[in-house]
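To start, the structure under review is shown below, and the notes come after it.
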Amino acid sequence: MLEIVLTREDANTEYALLAEWLVEDRAAVAAGQPVCVVETTKATVEVESPGAGTIVQLYGEDVEVELGKTIAYVAESADELAAIDAKAEEKPAPKAAAGDRKATRKAAELAELHGIDLSTVEKRGFITERDVEELIVAQKAAAVPAAGPALAGVSTSGVSLPEAFELDETVGAVDPAFLESLDHDAFRALTSDEKVGALRGAGAQIGEGVDLGEGSLVVAPRVVIEDGVRLGPRATVVCEEVVAIGELSQFGADLELRCRRAYLGAGIWGGRSVRIGGGGHRDPWATLTIGDLAFVGDEAFVNVCRPVLIGREVFLTMRSLIVTHNVGHSVLEGFENRFAPVVLEDRSQVGLGAVLYAGARVGAEGIVASNSYVVGEIPAGSFAIGVPAKVTGSSSHKLSEARRVDLARRFVDDLHELLALRGHEVSAIEDDGFEIEGTRVAFVESYRGGVDPPAVVLALDVRGDVAEGVAVLDLLGRRVHGSGGVVLDSVREFCRKRGIKLEPGPWSYPGGLI
Amino acid sequence: MSTAAPRRGVQVLNETLHAIFAERDDVVLFGEDVLDPYGGAFKVTQGLSDAYPDRVLTTPISEASLFGVAAGMALRGQRPILEIMFGDFIALGLDQVVNGISKFREMYDDQVTVPLVVRAPMGGRRGYGPTHSQSLEKLLLGIPNICVVAASECHDVGALLTAAVDDERPVFFIENKLLYGRTIRRPEDGHIGELAVRESGDPYPVLTFSATGFTEGSATVVTYGGMLPVVLDAVTELVLEHEIFCEVVALSQLVPMELDVVLESVARTGALVTAEEGTLTGGFGAEIAARVQEAAWSDLRAPVQRVAARDGIIPSARPLEDDMLPSVDDVVKAIAALDGVRS
């Protein structure tokens, strides 16, 4: 690639007039061919092309150009031309020079912490920390009466709240006399069935197959626990107003859940020693919501003195930490005292040991890398890393259709290998499928029937009805059609481990071939 | 003169000269290499000799005699504009100024005036070396009965030049070389960028800038000409990075020195920094510091700080030149060092 640069002809001038182009933009030019006329301070000169190729002009006509600037490229091949175009497209918007910045560093940092978009501020002059403080006060004043203390004005945009959040306030109300007379140690000593019976007797709504593990305690003025929920052993759930947990959600040993209101969705998987509560957990704003199918890793700690909203299918992995307030010295001596909610929008992910500081918000499908420290907002779909966390890219990349098909087709190979290594008898792979326990497992790009039962089919698209005896996993539509036994369950578990969660759900793997 | 499209300093000066020549028949311009097609070393006179061949004269390299010719023309009722190609060479003509031009009116009991304009490009940051980069305004500050006007990129440069030509006094019109290439930024709705601006005084206005709309300020920085953009960058940096708010006063009339606006600003801020591109000793800042401490001692909470070029010669090598001349960082440090600026 060749460049045409305006050279300095005269020590006293900084600019020259690009008077006229003698060739069209993107015309073929020959080496030595005059391509434009430039008026310098001393003369009018023709500038010649340094070589043969396609000219790409960077300026129009009759414009002043700073000497030393490149005014055109000459691409010597189609590849070079494409590279020039790509470079032009990639070129980010020019970074705001100091002269274009309006907000002071203090103002920008405070706004970031509170998720305030400074571009919406209409003010002539600089935006200072004081302006942002006034804005925060105004926003609070405007938000509180509308939202009430449960969400304290926190935007639920991007967050799928669990169904339990909408429950009528009379559902599961527990007799106050029962709570008053309850001996916590004695309750812990009961069997799971005895605990469920006692709570139901006092008015709690508890579904079937609920397991309140050995040494566990559940106390709240309203208790709603749906089918198949498993807590403990040694779980402690003490809420000032309500605890509601959706079907098939489970937490491992030593759960501690203390807050004013806990609304947990269905199909949540919680690890061991999860701790929810901490300073201010009885505050009026101490609300926790966790969406369906969220994951809460071992030893995660969630401080809830202000609302903590965790969306659907969020991954809050091991030892990650959410704090909604800091501990500080006197505000009157200029120390910061911060109380602010934390929001993880749907399908966002928080890596091992990451910290979300009061006011943090991770946008939908955003990813925070392990050990990062999040202050302020991480935009939806972005990948952030560091202390403090900075966005470095996107949380996912674009797949071509061919690549997606290729990945899905490979599931068959991987599943086949896994089953064989587990010691199961499997047939050789033929036509993107194999047989196990008399059932064919196969991949088709688009299911339109034509697979003989019994079969479990992985497909990217499903058209029409699914034949009797055939189960189809619609991998992009994220839905299971038809029913099946242990083979279907095993294939579904295999898909779950690739992040593919299927409806109908929630679903828990009952065990099987893998 | 204001136009909608952004204009660079050289364009405004050139257009103004054309307008002055069209307006007044008594104006003549002369200097070295000012004729077309060259149009002067900095192109300020471009097109003028083609339009007015009898009134634009090219001269030998002989500044001492040029000042004398200008004086004679002015005494005889013309309005000469003398272009000194590089302001460094005004020194060759200073005897004419000190012992003649500045004195004739009083010596001849107001029977004559000497209405001439000496246009002098000053300033460095272009790598022109020791004898083509200086800011020698301070040599003129102590000469009674002349007027020294310095244009900045935020002033109405055309109006300043027109006023200088109309002035009955001898006027030195200082053009910082960087002004030619920079875009003129005039106040709009009382602001330039994010800074609130007030303009006062006639015919050579004072601009006052505030980062807070004149509600608070930690210091006043007084400057002129080519140092104004450097000072504005410094006060902007202090706002953005530290929330330290200053006022800036940009004079266009250096002599006779009128400091009312500076004193008003200092009464609000309580501290003063001076900033000039010329060398430190015996300069613009020294004179202002002396006058402000006399007039407003009780308003000052800290000693006046001066920012200026080091007392030395200006090297040709750009990094060494940058080291010699006052920078944004020098201004920031001078302000930050004042008592009571960091709360």
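Note on residue B:103: aspartates and glutamates with a C-alpha under 14 Å away, same-chain residues under 8 apart excluded, are B:95, B:168. Only helices enter the 222 nm calculation for chain A: every DSSP H run of n ≥ 4 contributes -39,500 (n - 2.57), and dividing by all residues gives -6000 deg cm²/dmol, rounded to 500. Between the listed residues A:288, A:395, B:37, the Cα displaced farthest toward the positive end of the dipole of the protein assembly as shown, a dipole computed from Cβ unit charges relative to the Cα centre, is found at A:288. Peptide packing: for A:432-439, A:391-398, the average count of neighbouring Cβ atoms within 10 Å per residue gives the ranking A:432-439, A:391-398, highest mean first. Per-residue shielding of B:181-189, expressed as the average number of other chain Cβ atoms within 10 Å of the residue Cβ, stands at 1. Taking a sphere under 12 Å around the Cβ of residue A:80 and counting the other residues whose Cβ falls inside, with K and R at +1 and D and E at -1, yields a net charge of -3.
Cross-link partners of residue A:69 among aspartates and glutamates, defined as those whose alpha carbon lies under 19 angstrom from its own and excluding same-chain residues fewer than eight positions apart: A:3, A:9, A:10, A:14, A:20, A:25, A:39, A:46, A:48, A:61, A:85. Remark: chain A carries a charge dipole of roughly 1620 debye about the Cα centre, counting +1 on each Lys and Arg Cβ and -1 on each Asp and Glu Cβ. For the residues of B:36-46, the average number of beta carbons from a partner chain within 10 Å of their own beta carbon is 2.
Roughly what angle does helix A:129-151 make with the longest principal axis of chain A, taking Cα atoms, 0 to 90 degrees, to the nearest 10? Result, in degrees: 30. Spacing of the modelled spin labels on residue A:214 and residue A:166, each 7 Å from Cα toward Cβ, amounts to 4.1 nm. The spacing between segment A:435-503 and segment A:212-254, judged by their C-alpha centroids, is 34 Å. In terms of the mean number of neighbouring beta-carbon atoms within 10 Å, the peptides A:469-478, B:41-50, B:292-301 order highest first as B:41-50, A:469-478, B:292-301. Of A:390/A:497; B:138/B:177; B:138/B:333; A:106/B:333, which pairs sit farther than 22 Å apart, going by alpha carbon to alpha carbon? Beyond 22 Å: A:390/A:497; B:138/B:333. Here the sum of -39500 (n - 2.57) over DSSP H runs of 4 or more residues, divided by the residues of chain B, equals -9000 deg cm²/dmol at 222 nm, to the nearest 500.
Backbone amide hydrogens, once placed in the peptide plane, bring residue A:361 within less than 5 Å of A:343, A:376, A:377, A:378, excluding anything fewer than 5 places away on its chain.
Other protein chain C-beta atoms within 10 Å of residue C-beta, averaged over B:241-249: 2. A simple spin-label model places pseudo-atoms 7 Å from Cα toward Cβ; at residue B:313 and residue A:69 they are separated by 3.6 nm.
Only the coordinates and a few stated rules stand behind these numbers; no lab work does. This structure is a prediction, so every number in the text was calculated from the model and none was measured. Ideal geometry is used to build each Cβ from the backbone, glycine not excepted, and the neighbour counts take in all protein chains shown.
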